[in-house]
Amino acid sequence: MAQKNKTKIYFWIKLDENFFKNLAIKNLRKTVTGGDTLVIIYQQMLLSSLPNNGVIYYEGTLQDIAQEIALNLDEKLDDVRLAIDYFQKAGLLQIGDDGSAEMLQVPMLIGQETNWNKYKRDKKLENFQPTSNQLPTSSNQAPTEIESESEIESESEIEIESDDDVGKNSLQSLSDFFSNNFHPISQRELEQLREFVNDSSYEMVLLALEIAVDNNARTIKYVRSIMDKWENNNIKTPENYHAFEAERKRKFVSNNQKNFQQQKPVKKAPEWTDEGRLIKAGVDTTGMTQNEMYKLVGEMGLRNE
């Protein structure tokens, strides 16, 4: 009886070219002792989770998932605990109720092929004979299966954009902005960005992301709170937002002027200074820093007076 060969599937991670430029990774490497080791542990955890689509299951053999991961990776337990804690806070890892670790980036980074496809690709590479001492510089010289994978990936990116019908620089652009300014985006966060775009528009979601960065509140929850606030106030375009903010600041200044008129100013400053301009406009500058006064003067249009 002929023996049946099992089809083996090989998995890999498609690491983003900006992985080491990401703020969460850069911060870990620069500010935490042994940060480079923790990054390597994170990458090993990504690879360990591949067969289960991004999940490292807690088997219950040891006290917790950290001990099992440390044993499987031959890493120090303290380093593994530090890595899990850091990447949990960065929104890249989640510990489930059953104690398993879910690597939130993996579903969007995972790739796979069967052992037969791997064999064909390896054979093509073996049979390739360059005609000069130089390595091939274009894909036409070495039409391997890797080229097909790149084409498929490009088509997938275009499909993401066209599916939502939000233009050339829509979801992919938002995903890139998020990864470069927040942390490497997870599949869940990508789906939430898609939801935001469908409920609002690309321009409004980008504006919300920019505001989150300006306020140093780089979480998807904060972005959602901005979108909810805009929905409650019927703010649907960037023009609506800027008009809403201008009115809010006008009311703020008006209220400050009323309060100012009810009490004698304690401080005095030359009228040509930022503080002097604000005092003249009825703004109480008590407790404000020079940078805050400078910014408020610009927002109120007092610098040209």
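Assorted remarks:
- Contact map, the range 233-251: first residue surrounded by 12 or more Cβ atoms within 10 Å (Cβ to Cβ), second residue among the acidic types (D, E), Cβ cut-off under 8 Å, separation 6 or more or different chains; pairs are T237/E203; P238/E203; K249/E299.
- Residues in the range 38-71 that are closer than 20 Å to L104 by Cα, assigned to a helix (DSSP H, G or I) and not aliphatic (A, V, I, L, M): Y42, Q43, Q44, S48, P51, N52, E68.
- Of all residue pairs spaced 6 or more apart or on separate chains, those with beta-carbon atoms under 7 Å, a first member in the range 26-42 that is at negative phi and in contact (Cβ under 8 Å) with a residue 12 or more places away in the chain and a second member that is open to solvent by less than 80 Å² (accessible area, probe 1.4 Å) and of a type in the set (D, E, K, R) are T37/D79; L38/D79; I41/E75; I41/D79.
- Check on E239, among the acidic types (D, E) and at pLDDT 90 or above: yes
- Count of residues meeting criterion [hydroxyl-bearing (S, T, Y) and touching a helix residue (DSSP H, G or I) at 6+ places or on another chain (Cβ under 8 Å)] in the range 29-76: 6
- The set of residues from the range 9-59 being hydroxyl-bearing (S, T, Y) and under 17 Å from G91 (Cβ atoms) comprises Y42, S49.
- Among the criteria (1) open to solvent by 70 Å² or more (accessible area, probe 1.4 Å); (2) modelled with pLDDT under 80; (3) not small (G, A, S), the one M300 does not fulfil is (1).
- Unmet requirement for L15, which otherwise passes all of (1) farther than 20 Å from I185 by Cβ; (2) at pLDDT below 90; (3) open to solvent by 70 Å² or more (accessible area, probe 1.4 Å): (1)
- Considering each residue of the range 40-49 in turn, at least one proves to be modelled with pLDDT of 90 or more, open to solvent by less than 70 Å² (accessible area, probe 1.4 Å) and touching an Asp or Glu at 6+ places or on another chain (Cβ under 8 Å).
- The condition of being modelled with pLDDT under 80, over 39 Å from the mean Cα position of the chain (by Cα) and within 29 Å of N233 (Cα to Cα) holds for K258.
The values are calculated or read from the model by the stated rules, or taken from the named source; none is laboratory data. Here the structure is a predicted model, which is why all the values come from computation and not from measurement. FYI the Cβ positions are ideal-geometry reconstructions off the backbone, even for glycines, and counts take in every protein chain you see. What goes into the accessible areas is simple: the full protein's heavy atoms, side chains included, and nothing from ligands, DNA or RNA. Shrake-Rupley method; radii C 1.70, N 1.55, O 1.52, S 1.80 Å.
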